[in-house]
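The values are calculated or read from the model by the stated rules, or taken from the named source; none is laboratory data. Note that the structure is a prediction, hence the values are computed from the model and not measured. Cβ atoms come from the backbone with ideal geometry, glycine included; neighbour counts cover every protein chain shown.
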């Protein structure tokens, strides 16, 4: 294993302007939140709601939104969109003490009208141009959910944690008010350098696209460069738990170190043991330590 890793990241000259335009477009779209009680998913310690928000497009989104019973405000956790078709309700134990939100981004089930994403397939939708790439909208969806939490009376706005992959990191950069991030294996990180070393998805979508359309590969990598967490890292002021695989994994301690060093906030690199229960307990310990009321 190499002692160091140099990501192949070329930040576009208009990187800042691109994301400023995304946020400006999002700000022009009223969120129009609607909360409908969801009794079947509520418990004796929390009330669940079906939350609807409008993101840029305009596009109407769905989210599971759970609030503990009792006096708030409560710390909050947003599960940001991942590479999966179905989003489930947040963990049982989490809902006991946190405002807990699981966002279904555009294309994911429950937010799949008018666009129903395919898996695999999502990661190359509109990829020929940065302005049309599907993740432009998905990141905006994430920011919309963060803004919703920041404006809620039952939420302690000083204690908002994002949990997820790339979207958690990008959300924390674009909305630096969040206090903590729990993330693992960001696929957009050094995509051009790392994707050819794996057959896992979503990276394999980009590999296959390059094999099928070699004349479009340059444009694809250019589009992906707008989403590399390394370019966002200096804006991430939150405390970050960066979960990495063992030495032979694609995203391991060595490959992750440049990203960790570039972040403005404190970063804890945690190498997974492979024992799910143990790794989960370690993650929960970190989460709770960063959400003290």
Identify all residues within region 119-135 that are in contact (Cβ under 8 Å) with a residue 12 or more places away in the chain and either under 22 Å from residue 48 (Cβ atoms) or out of contact with any helix residue (DSSP H, G or I) (no Cβ under 6 Å at 6 or more places or on another chain) (or both); write none if there are none. 119, 121, 122, 129, 134, 135
When every residue in region 171-195 that is within 17 Å of residue 254 (Cβ to Cβ) and out of contact with any helix residue (DSSP H, G or I) (no Cβ under 6 Å at 6 or more places or on another chain) is compared, the one surrounded by the most Cβ atoms within 10 Å (Cβ to Cβ) is 190
Of all residues in region 120-142, how many are in contact with a strand residue (DSSP E or B) (Cβ under 9 Å, 6 or more places away or on another chain) and in a loop (DSSP other than H, G, I, E, B)? 1
What are the residue pairs meeting all of these: first residue in region 227-241, first residue at positive phi and surrounded by fewer than 24 Cβ atoms within 10 Å (Cβ to Cβ), second residue in a loop (DSSP other than H, G, I, E, B) and modelled with pLDDT of 95 or more, Cβ atoms under 7 Å, and 6 or more apart or on different chains? none
Answer with yes or no whether residue 157 is farther than 27 Å from residue 14 by Cα, in contact with a strand residue (DSSP E or B) (Cβ under 6 Å, 6 or more places away or on another chain), surrounded by fewer than 22 Cβ atoms within 10 Å (Cβ to Cβ) and in contact (Cβ under 8 Å) with a residue 12 or more places away in the chain. no
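Condition first: at pLDDT 95 or above, crowded, with 22+ Cβ neighbours inside 10 Å and closer than 23 Å to residue 170 by Cα. Can you find one or more residues in region 31-45 that meet it?
no
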Which numbered condition residue 103 misses (of (1) more than 20 Å from residue 183 (Cβ to Cβ); (2) under 18 Å from the mean Cα position of the chain (by Cα); (3) without any contact (Cβ under 8 Å) to a residue 60 or more places away in the chain): (1)
Is it the case, given these coordinates, that residue 206 is part of a helix (DSSP H, G or I), at pLDDT 95 or above and buried (at least 21 other Cβ atoms within 10 Å of the Cβ)? yes
Restricting attention to region 243-260, does a residue exist that is more than 15 Å from residue 186 (Cβ to Cβ), surrounded by 17 or more Cβ atoms within 10 Å (Cβ to Cβ) and at pLDDT 95 or above? no
Any residue at all in region 57-73 that is surrounded by 12 or more Cβ atoms within 10 Å (Cβ to Cβ), touching a helix residue (DSSP H, G or I) at 6+ places or on another chain (Cβ under 8 Å) and farther than 24 Å from residue 182 by Cα? yes
Can you find, within region 261-293, the residue that is surrounded by the fewest Cβ atoms within 10 Å (Cβ to Cβ) among those that are part of a strand (DSSP E or B) and more than 17 Å from the chain's Cα centre (by Cα)? 268
